[in-house]
Amino acid sequence: MNCKKCTIKAVIGLPRHNAAFCKACFNEFVLEQVTRAIKGERMFGRDDRILVAVSGGKDSLALWDILLKLGYKADALYVDLGIPGYSTKSREKAQRFADGVARTHEAKLLIHKVEEEEGAGIRELADLIHRPTCSTCGTIKRYQFNRAAVEQHYDVMATGHNLDDEASRLLGNVLHWQEEYLDKQGPSLPASVEGFAKKVKPLYRLSEREVAAYSVLNRIDYIVDECPMAKGSKMLLYKDVLNRLETESPGTKQAFYCGFLEKQARAPRQGSGQAQPAPASMAEKDRATLHPCATCSQPTTAEICSYCKMMARAKAGSTR
Ligand code: SF4
Ligand SMILES: [Zn+2]
Ligand SMILES: [Zn+2]
């Protein structure tokens, strides 16, 4: 198998593109796909300050690496969830990348420790409030990343979600007809209101296998183990199903997700075909109902934001 571009021996075959590449041409391919995503979705420009959400895994570290190679100003934030064993190991991987590649680009790593800030790790907090660990984790990570991005004046927050993540999430949303989530599923979500950072997913054109190959070929030292809390998650099942379809019919994931994005972009406004007055946008509606949380000042539609409510319940639970 030879490289499609330069004809030397290939190191990776990409059936969905009917191509194979050597290391140099594969790296070029990866950087091109990310550039297309950034420009096509108007994610950010050269002068914007980007905050990358890193977990120590291949996707987020590869994203940080690619953005720095492309010349963007990208710092990163790691949220330490306090999961015994896993968090220490994954934090070390993020720190090692920060001390090596990132430092040469003068990029820095910020670290938030949930245990230090809230007095307990994610599993204990989830037990105290009787909620699944992953949903507790989602609320904490969203809050911490948004707060850091806004308070430290980053223009945009970038996450390492790849094509497999997005296609499996879409499959889950379609299977359950979660239209409100479908509306919000895209690779670039604008800052709907002041106090909420813009969120982008520059790896959405690359599959998980391609990101893993990029990380290995470029010697990025990442944590291979999945978070122990992910075991049995529906997302892993959806990924498995999509992988089986992809093996039988290369290009299925891309056709599924990118087809959705095209339809979403072309979707007519509800109603008859006639020009309709534009409905109040999400941003307008949000702006009308949002105000600062009485506890932390982050924007919320209630008096107290969901993060502060969660932490208050955890504190009440721990004193019982
Ligand atoms: S698997 Fe669950 S607990 Fe682990 S990082 Fe993901 S959302 Fe958080
Ligand atoms: Zn080549
Ligand atoms: Zn709050």
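Structural remarks
- Among residues of segment 12-27 being touching a helix residue (DSSP H, G or I) at 6+ places or on another chain (Cβ under 9 Å) and closer than 13 Å to Arg209 by Cα, the one that is nearest to ligand 2 (Cβ to nearest atom) is Phe26.
- In summary, Asn162 fulfils each of the numbered conditions (1) surrounded by fewer than 22 Cβ atoms within 10 Å (Cβ to Cβ); (2) polar (S, T, N, Q); (3) in contact (Cβ under 8 Å) with a residue 24 or more places away in the chain with the single exception of condition (1).
- When the test is whether a residue is more than 16 Å from ligand 1 (Cβ to nearest atom), surrounded by fewer than 18 Cβ atoms within 10 Å (Cβ to Cβ) and either basic (Lys, Arg) or modelled with pLDDT of 95 or more (or both), Arg269 passes it.
- Filtering Ala10, Ala20, Ala62 for residues that are buried (at least 20 other Cβ atoms within 10 Å of the Cβ), among the small types (Gly, Ala, Ser), away from ligand 3 (no atom under 16 Å from the Cβ) and over 26 Å from His153 (Cα atoms) leaves a single hit, Ala10.
- On the stretch given as segment 117-172, residues that are within 21 Å of Asp47 (Cα to Cα) and touching a Lys or Arg at 6+ places or on another chain (Cβ under 9 Å) total 12.
- Test: residue in segment 120-139 that is closer than 24 Å to Ile38 by Cα and outside the structural domain of Ala316 (by TED's automatic domain parsing): no
- Those residues of segment 288-305 which are of a type in the set (Ser, Thr, Tyr), closer than 23 Å to Gln152 by Cβ and modelled with pLDDT under 90, in sequence order: Ser297, Thr300
- Index of the failed condition, Lys285 passing every other in (1) modelled with pLDDT of 90 or more; (2) in a helix (DSSP H, G or I); (3) of a type in the set (Lys, Arg); (4) surrounded by 13 or more Cβ atoms within 10 Å (Cβ to Cβ): (1)
- Contact annotation: residue pairs with Cβ atoms under 9 Å, 6 or more positions apart or on different chains, pairing a residue in segment 252-268 that is among the hydroxyl-bearing types (Ser, Thr, Tyr) with a partner that is modelled with pLDDT under 95 and buried (at least 17 other Cβ atoms within 10 Å of the Cβ), are Thr252/Arg16.
- Filter result for Val52 (outside the structural domain of Val211 (by TED's automatic domain parsing), among the aliphatic types (A, V, I, L, M) and buried (at least 17 other Cβ atoms within 10 Å of the Cβ)): no
The values are calculated or read from the model by the stated rules, or taken from the named source; none is laboratory data. Note that this is a predicted model, so its numbers are computed, not measured. We place every Cβ from the backbone using ideal geometry, glycine too, and count neighbours over all the protein chains shown.
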